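Q: My questions will all concern the structure given below.
The values are calculated or read from the model by the stated rules, or taken from the named source; none is laboratory data. Note that this is a predicted model, so its numbers are computed, not measured. Ideal geometry is used to build each Cβ from the backbone, glycine not excepted, and the neighbour counts take in all protein chains shown.
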Amino acid sequence: MSLGLKICNRRLALDEAFRILRPGGRVILLEASNIRWRLLHRAYLGYMSLCMPVLGWLATGGDASAYRYLLHGIRGFPSAESLADEIRGHGFDEVRFERLSLGIVAIHTARKPLGTDKA
């Protein structure tokens, strides 16, 4: 799933992913994350707050709503570490993540443990 957990109920989505996966199955999630260096993270949020809506407005001929939505999803989304903890809390094991683009996004992977019921 790519950038889907920020637009839905994360708890329900992770419960459903766990339910439908076969034991040993893997879930792979690309999600918004946090830049580890606070000053750089604040600068990024400032850029997203000021520049992206203007660029979005220009690119779409006057509709910057998608770019405002992106900022909202970034600000309210958990850190990569916190999301990994949430994923573990849903029963997954082998939970790992890798930050990309300085941490703007992270790829999380996890497995449904062997020996768990399919549904």
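Q: Take the residues in the stretch 85-113 that are small (Gly, Ala, Ser) and surrounded by 17 or more Cβ atoms within 10 Å (Cβ to Cβ), then tell me which one is farthest from Arg19 (Cα to Cα).
A: The qualifying residue farthest from Arg19 (Cα to Cα) is Gly103.
Q: Cβ-Cβ under 8 Å, sequence separation 6+ or interchain: first residue in the stretch 87-105 and more than 14 Å from Ala32 (Cβ to Cβ), partner among the hydroxyl-bearing types (Ser, Thr, Tyr) and part of a strand (DSSP E or B). Which pairs?
A: Between residues of the stretch 87-105 that are more than 14 Å from Ala32 (Cβ to Cβ) and residues that are among the hydroxyl-bearing types (Ser, Thr, Tyr) and part of a strand (DSSP E or B), the close pairs are Glu94/Thr109; Val95/Thr109; Arg96/Thr109.
Here is a yes/no grid of residues against (1) modelled with pLDDT of 90 or more; (2) over 23 Å from Asn9 (Cα atoms):
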site	(1), (2)
Leu39	yes, yes
Ala84	yes, no
Ile87	yes, no
Thr116	no, yes
Ala119	no, no
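Q: So which of Leu45, Leu39 is free of Cβ contacts under 8 Å to residues at least 40 places away in the same chain and over 22 Å from Leu5 (Cα atoms)?
A: Numbers: Leu45 fails: over 22 Å from Leu5 (Cα atoms).
The conditions single out Leu39.
Q: Considering only residues that are over 24 Å from Ser65 (Cα atoms) and of a type in the set (A, V, I, L, M, F, W, C), look in the stretch 36-53 and name the one that is farthest from the chain's Cα centre (by Cα).
A: Taking the candidates together, the pick is Leu39.
Q: Helices (runs of 4 or more DSSP H) wholly in the stretch 6-119 with at least 1 residues that are in contact with a His (Cβ under 8 Å, 6 or more places away or on another chain) - which ones?
A: Per the criteria, 10-20, 80-89.
Q: Let me ask something else about it. Quick one: in the stretch 10-66, of everything that is at positive phi and outside the structural domain of Phe97 (by TED's automatic domain parsing), which residue is surrounded by the most Cβ atoms within 10 Å (Cβ to Cβ)? Break it down into steps so the answer makes sense when it comes.
A: Looking only at the stretch 10-66, we keep the residues that are at positive phi, and these are 24, 61-62.
Of the ones still in play, those that are also outside the structural domain of Phe97 (by TED's automatic domain parsing) are 61-62.
Working: Gly61: 6, Gly62: 8.
Step by step, filter the stretch 10-66, then rank; the result is Gly62.
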